[in-house]
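This report refers to the structure that appears directly beneath it.
Please treat every number below as a calculation from the coordinates, not as lab data. Source: prediction; values computed, not measured. Note: ideal-geometry Cβ built from the backbone for every residue, glycine included; neighbour counts use all protein chains shown.
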Amino acid sequence: MVPSGVRTGRWVAAARAAQRRPRVDSLGQPPSPESASTRAALYVHWPYCEKRCSYCNFNKYIPRGVEEGTVRNCLVTEARTLLRLSGVQRVESVFFGGGTPSLASPHTVAAVLEAVAQEVYLPADSEVTLEANPTSAPGPRLAAFGAAGVNRLSIGLQSLDDAELQLLGRTHSASDALRTLAEARLLFPGRVSVDLMLGLPAQKVEPWLQQLQKLLYHCDDHLSLYQLTLERGTSLFAQVQQGTLPAPDPDLAAEMYQEARTVLRDAGFRQYEVSNFARNGALSTHNWTYWQCGQYLGIGPGAHGRFVPQGTGGHTREARIQTLEPDNWMKEVTLFGHGTRKCVRLGKLELLEEVLAMGLRTDVGVTHQHWQQFEPQLTLWDVFGASKEVEELLAQGLLLLDYRFPSRDFRPF
């Protein structure tokens, strides 16, 4: 199925042919330093939603109308500009997030992917993920996204309890979520992820674990567990502050999380990151780039990126944030080719702190080989071998620091 009015481009056609090839789990194998500097992931932010959920403080907008043609052109322009600025030669993955990117047209997705493929090498089997909400993603629409080049879905299911979904301000019901999940699995077998939230106000352990067990009966090979964070400025935060809702119990949330880890392990899932579980090799290539401190470009309103601007002779990684408000972002892209609002050079210490913080979120940890890509002079033992804090964590069995090279040398238990 090809989206109405969309002429299938060369890359999209190749991607469709590659979608049914077997997946190979090669994550955890670090790239060579040379290849790491010439490749990146790409994040595309679609800022619009049907409504604002009660817990969400993301950069999103509820418009009366969207001039999608203008937004599409700006996304394409900014992608081209930042790819040239970065000097990368290969994009490993593309992630359409939001907001609710399943509200965008498949034509917009295809246009961005074709633009990327025209600028750099985008393998036909690259992971291309689209976040989707059940009410904006019926089966035919999901099929159209697949025809546009998407080969992986991340569904914002959040709960299988209708009362909880109403509390969260979601527009779908539990039955809507399960129907969308079933349709998605038929279209993208082995490539559908679902989100499930824990630690909601008044939520109890056993009913929540029953939700998880039910979800395991319906889900695919990837699941993300997220504990609710009460963010200032959200409706849920205000209700808790006013006493309308009880504050979430952190001890109960911790119990839910630990019980869920056991349930998912017994179901064959690998917990490859703090919040992410996969089986049958269905790890997220795109998110793995974040956790391994790889380069990534962010396009769209409020998107974040981290890359070295090699295209202009730069040698230092920069943290970039695009202009938040969509109309202002579009004006800047039209004038300058991109809407970068903030650009900060990362010092060596800042970068190494990110390597540690992100790597220790994973079950692989930080290997000697990975560390040396960012710090070739000092080893992990040079930096941490005499640390009292590390010594205490080692004694408690919470950390491993060994001499083996290049195995898993610095990781949490």
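Could you work out the per residue convex hull volume over the alpha carbons of region 273-327, in cubic angstrom? Output value, Cα hull per residue: 121 Å³.
Considering only Ala260, Val71, Ala41, and ranking their Cα positions along the charge dipole of the chain that arises from unit charges at the beta-carbon of Lys, Arg, Asp and Glu, the one farthest toward the positive end is Val71. Converting phi to 3J(HN,Hα) with the Karplus coefficients 6.51, -1.76 and 1.60 and the offset θ = phi - 60°, region 233-240 yields x, 9, 4, 5, 4, 5, 5, 5 Hz in sequence order, with x at every glycine or proline.
What is the chain by shape, rounded, prolate or oblate, if you read a ≥ b ≥ c off the alpha carbon gyration tensor as root eigenvalues and call it rounded for a/c under 1.5, prolate for a/b larger than b/c, and oblate otherwise?
Rounded.
Between Arg152 and residues 5 or more places away or on another chain, which pairs have amide H atoms under 5 Å apart, with H built 1.01 Å from N, and which residues are they? When sequence neighbours closer than 5 places are left aside, the close amide H contacts are Val128, Leu130. Rounded to the nearest 0.05, what FRET efficiency do Thr316 and Thr38 have when you use their Cβ-Cβ distance and R0 = 22 Å? Efficiency computed from Cβ-Cβ geometry: 0.85. The magnitude of the dipole of region 39-159, with charges of +1 and -1 set on the Cβ of Lys/Arg and Asp/Glu and taken from the Cα centre, is near 240 debye. A cut-off of 5 Å between modelled amide H atoms, ignoring neighbours fewer than 5 places along the same chain, links Val308 with Glu318. The Cα atoms of region 194-299 define a convex hull whose projected area, averaged across directions, is 8.5 nm². Convex hull volume of the Cα atoms of region 279-413, normalised per residue: 152 Å³.
For region 248-279, backbone nitrogen atoms closer than 15 Å to the point 7 Å from Asp363 Cα along Cα-to-C-beta are found at 260-279. Among the lysines of the chain, pairs at least eight places apart or on separate chains and with Cα atoms under 29 Å apart come to 10. Listed values for region 219-232 are Karplus-derived 3J(HN,Hα) couplings in whole Hz (6.51 cos²θ - 1.76 cosθ + 1.60, θ = phi - 60°), namely 7, 8, 9, 9, 9, 10, 10, 10, 7, 4, 10, 7, 9, 4, and x replaces Gly and Pro.
If a spin label sat at a point 7 angstrom from the Cα of Ser235 along the line to its beta carbon, the backbone N atoms of region 56-80 nearer than 14 Å would be those of 56-57, 62.
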